Amino acid sequence: IYSQDSESAYERADRMVLARVPKDRIRDRGAYEFFARLDGSGQPVWTKEIAERGGVFAHPGECYRSSITYNPGLKRYLWCQTDPDSTHRQGARFEGGFRIYDAPEPWGPWTTVFATEHWDVGPGETSSFPTKWMSADGKTMHLVFSGEDCFSVRRAKVKCRGE
């Protein structure tokens, strides 16, 4: 589970945090663990204490609603994030930026794959690359997003370095 590290889903944060729980214990608060940090060998350290949680991604004042999907063909995690900065009176749903990050592990390290401050449509409040809409090699995906408060889909083609 990823979330911006704020008290509300409607507030920006400086970082994103990560939690995990066995799928058969989702309703058991005591089963949750929170990413704390990476140890000296780069392995994740987990804690039961929410106050000890650490960030898996930092972008001061810009961490907002996001979704992360694992792309098995590319063996990468893909993170879609709406840029919360917008000059539109109704906010980023109707005008604003959009970013895609990727990483080899759920905790990173994250690199920027795509970023724009002004997309050709309003990026909406949510977006993702559903795994069922990915090709076997992972290079063709479909971005599903709530652009301009509508169900929106865009096909994405991945080009790896050297192609």
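The values are calculated or read from the model by the stated rules, or taken from the named source; none is laboratory data. Not measured: the values here are computed from a predicted model. FYI the Cβ positions are ideal-geometry reconstructions off the backbone, even for glycines, and counts take in every protein chain you see. Surface areas here come from the heavy atoms of the whole protein model, side chains and all, with no ligands, DNA or RNA. Shrake-Rupley method; radii C 1.70, N 1.55, O 1.52, S 1.80 Å.
Output ³J(HN,Hα) for the range 144-160: one whole-Hz value per residue in order, computed from phi by the Karplus curve 6.51 cos²θ - 1.76 cosθ + 1.60 with θ = phi - 60°, and x for Gly and Pro.
Per residue, the Karplus-derived 3J(HN,Hα) values read 10, 8, 9, x, 6, 6, 10, 5, 10, 9, 9, 7, 10, 10, 8, 10, 8 Hz.
Go through 142, 118 and list them by solvent-accessible area, largest first, probe radius 1.4 Å.
Details: 142 55, 118 125 Å².
Highest to lowest solvent-accessible surface, that is 118, 142.
If amide hydrogens are placed 1.01 Å from N in the peptide plane, which non-local residues have theirs closer than 5 Å to the one on residue 76?
71
Could you work out how much longer the chain between residue 49 and residue 142 gets when fully extended? Use 0.36 nm per residue separation minus the Cα distance between them, nm to one decimal. Walk me through the numbers on the way to the answer.
Working: separation 93, 0.36 × 93 = 33.48 nm, distance 3.68 nm.
Gain in length upon complete extension: 29.8 nm.
Suppose R0 equals 22 Å; then what is the FRET efficiency for residue 12 and residue 32 from their Cβ-Cβ distance, rounded to the nearest 0.05?
0.40
Keeping all protein chains in place and using 1.4 angstrom, which order do 113, 121 fall into by accessible surface area, from largest down?
My answer, sorted largest first, is 113, 121.
With label points built 7 Å along Cα→Cβ from the Cα atoms of residue 135 and residue 1, find their separation and express it in nm.
In this crude label model, residue 135 to residue 1 measures out at 3.6 nm.
Running a GNM on the chain with Cα contacts under 10 Å, which residue among 96, 55, 73 ends up with the highest mean-square fluctuation?
Its mean-square fluctuation being the largest, the pick is 73.
List residues of the range 106-131, by number, whose backbone nitrogen lies under 15 Å from a label position 7 Å along Cα→C-beta of residue 153.
Backbone N within reach: 128-131.
Nearest 20 debye, what's the magnitude of the dipole of the chain about its Cα centre given +1 on Lys and Arg Cβ and -1 on Asp and Glu Cβ?
Working: 23 positive and 23 negative charges, 135 e Å.
The dipole magnitude comes to about 640 debye.
Below 17 Å Cα-Cα, how many Lys pairs turn up in the chain? Only count pairs eight or more apart in sequence, or on different chains, if you could.
Numbers: 23/48; 75/132; 75/139; 75/157; 75/159; 132/157; 139/157; 139/159.
Here the count comes out as 8.
Using packing as a proxy for protection, rank 25-34, 98-107 so that the peptide with the highest average count of other Cβ atoms within 10 Å comes first.
The densest-packed peptide leads the list: 98-107, 25-34.
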